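**Student:** First, the structure itself, so that you have it in front of you.
The values are calculated or read from the model by the stated rules, or taken from the named source; none is laboratory data. Owing to the predicted nature of the structure, the values given are computational and were not obtained by experimental measurement. Quick reminder, even Gly has a Cβ in these numbers, built from the backbone with ideal geometry, and neighbours come from all protein chains shown.
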């Protein structure tokens, strides 16, 4: 294994522990946050989504902002997509086309509202490589891969 990679991987459990022990903050009252790092969205005390950002507070808010689009609220979009599929809506369309569908659009709005009721934990991580590794590590540890699929779009 590459020595640099090995060194970075050894940092993940410590950073994950910091994240796990971070205070749980309500989405509508985040308070001061680090600029760079990893965040975990929680619903009813259960981790549901892991993300990373270099503009933490704005990024977290985008997930539940009513004006956010599929590009700025991909988590809410995926929540809506799951509900839409369960309701028989054809979700196998381009994201921009799906967003224009009136039935899907209503579900997407509901999903953004749902996200705005969630809570979040954050940990500061400045290094973008460690951010990337920790995002995957945390998603696996917290079992959030239902929405953290790491697929390209």
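**Student:** Is there any pair with a first residue in the range 131-153 that is at positive phi and outside the structural domain of residue 75 (by TED's automatic domain parsing) and a second that is at pLDDT 95 or above and surrounded by 15 or more Cβ atoms within 10 Å (Cβ to Cβ) whose Cβ atoms are under 7 Å apart and which are 6 or more apart or on different chains, and what are they?
**Tutor:** 150/136
**Student:** Follow-up question, since we're still on this one. Out of 59, 46, I need the residue that is exposed (fewer than 14 other Cβ atoms within 10 Å of the Cβ), without any contact (Cβ under 8 Å) to a residue 40 or more places away in the chain and either in the same structural domain as residue 150 (by TED's automatic domain parsing) or in contact with a helix residue (DSSP H, G or I) (Cβ under 7 Å, 6 or more places away or on another chain) (or both). Which one? Steps first, please.
**Tutor:** Numbers: 59 fails: exposed (fewer than 14 other Cβ atoms within 10 Å of the Cβ).
Result of the check over 59, 46: 46.
**Student:** For residue 29, which of the numbered conditions (1) modelled with pLDDT of 95 or more; (2) surrounded by fewer than 16 Cβ atoms within 10 Å (Cβ to Cβ) fails to hold?
**Tutor:** (1)
**Student:** Can you work out which of the residues in the range 113-151 that are over 15 Å from the mean Cα position of the chain (by Cα) and in a loop (DSSP other than H, G, I, E, B) is nearest to residue 40 (Cα to Cα)?
**Tutor:** 125
**Student:** Here is a check on your reading of the model: is residue 34 more than 19 Å from residue 147 (Cα to Cα) and outside any helix (DSSP H, G or I)? It would help to see each step written out before you state the result.
**Tutor:** Numbers: more than 19 Å from residue 147 (Cα to Cα): yes; outside any helix (DSSP H, G or I): yes.
Considered against the rule, which asks whether it is more than 19 Å from residue 147 (Cα to Cα) and outside any helix (DSSP H, G or I), residue 34 comes out as yes.
**Student:** Taking into account only those residues within the range 17-30 that are in contact with a strand residue (DSSP E or B) (Cβ under 8 Å, 6 or more places away or on another chain) and in a helix (DSSP H, G or I), which is farthest from residue 45 (Cα to Cα)?
**Tutor:** Selected residue: 18.
**Student:** Within the group 83, 91, which residue is in a loop (DSSP other than H, G, I, E, B) and more than 29 Å from residue 23 (Cβ to Cβ)?
**Tutor:** Result of the check over 83, 91: 91.
**Student:** Among the residues of the range 120-144, how many are in contact with a strand residue (DSSP E or B) (Cβ under 8 Å, 6 or more places away or on another chain), more than 20 Å from residue 54 (Cβ to Cβ) and surrounded by fewer than 19 Cβ atoms within 10 Å (Cβ to Cβ)?
**Tutor:** Qualifying residue count for the region: 1.
**Student:** Only one residue in 83, 91 is more than 30 Å from residue 4 (Cβ to Cβ), free of Cβ contacts under 8 Å to residues at least 24 places away in the same chain, surrounded by 12 or more Cβ atoms within 10 Å (Cβ to Cβ) and over 17 Å from the mean Cα position of the chain (by Cα). Which one?
**Tutor:** That would be 91, the only listed residue that is more than 30 Å from residue 4 (Cβ to Cβ), free of Cβ contacts under 8 Å to residues at least 24 places away in the same chain, surrounded by 12 or more Cβ atoms within 10 Å (Cβ to Cβ) and over 17 Å from the mean Cα position of the chain (by Cα).
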